[in-house]
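The values are calculated or read from the model by the stated rules, or taken from the named source; none is laboratory data. These figures come from a predicted structure and were not determined experimentally. Virtual Cβ from ideal backbone geometry, glycine too; neighbours counted across all protein chains shown.
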Amino acid sequence: MHSLAQEIRSFSRANLRKQRTRVTTLTGRRIIETWRGACLQVEEEEEGEAAPGGGFVQDLSADLQVGVVKPWLLLGSQDAAHDLETMRKHKVTWRGRVDAHPAPCAVTHILNVAYGVQNAFLDDFIYKTISILDLPETDITSYFPECFEFIEKAKIQDGVVLVHCNAGVSRAAAVVIGFLMNSERLSFARAFSLVKNARPAACPNPGFMEQLHRYQEQILKENGSINDHD
């Protein structure tokens, strides 16, 4: 079994390959996003289309697993964000008395960092939408200030924020890792470990991983130290 350190080191541009992701709109349209190098191609999936080659495997099951990074900071996919029961079923007061069955808090805020994914419940949650492409070349850190401001406001308001993209694997995970590094001055390795433990599927693309490493250097330069303790 590879260690966490080995897994982190294994990410590199040499590992890049064709990637295909399905985006399901609120109207039920299925759009296939295909990345080939630095080029993004978008096409609508035909009804009954067979899974083509190139690494794309059709998966009709909904990913409703929500990773609890902090009691007030959750990480998930668009499936979870589009499932009202998932957003509401857990009831916990994280600042005060906790009920008899600790679980993720009911969501109040949703940070949507996907590209082309609509917000489903505008009357039920406070939304922030920042369209980010899941490409290694995307400057994910340029979106950090706006993302972090929304997360901090939710926390100050005693809210619970769900950060999601399409799959809850790359973009949203990178934002949450970066937030922990910035707000708690955690090392990249420590922040990555916390997010990975909360949502094992979390796996920022190689370009985002490189940027997060550089972000750690920036934090060290500005603050002189980082917190790498459990």
Which one of these does ALA81 not meet: (1) modelled with pLDDT under 95; (2) within 14 Å of the chain's Cα centre (by Cα); (3) farther than 17 Å from VAL161 by Cα?
-> (3)
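Results for (1) touching a residue at least 40 places away in the same chain (Cβ under 8 Å); (2) in contact with a Lys or Arg (Cβ under 9 Å, 6 or more places away or on another chain); (3) on the phi > 0 side of the Ramachandran plot; (4) not in a loop (DSSP other than H, G, I, E, B), shown as yes or no for each residue.
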site	(1), (2), (3), (4)
SER131	no, no, no, no
ASP134	yes, yes, no, no
THR141	yes, yes, no, yes
PHE148	no, no, no, yes
ASP158	yes, yes, yes, no
Given (1) surrounded by fewer than 16 Cβ atoms within 10 Å (Cβ to Cβ); (2) farther than 18 Å from TYR115 by Cβ; (3) touching a residue at least 60 places away in the same chain (Cβ under 8 Å), SER183 misses just (3)
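Would you be able to tell me the number of residues in region 163-201 that are among the β-branched types (Val, Ile, Thr), assigned to a strand (DSSP E or B) and over 9 Å from the mean Cα position of the chain (by Cα)? Working first, answer last.
First, the residues of region 163-201 that are among the β-branched types (Val, Ile, Thr): 163, 169, 175-177, 195.
If we keep only those that are assigned to a strand (DSSP E or B) too, we end up with 163.
Okay, now just the ones that are also over 9 Å from the mean Cα position of the chain (by Cα), so none.
Residues that pass the stated criteria total 0.
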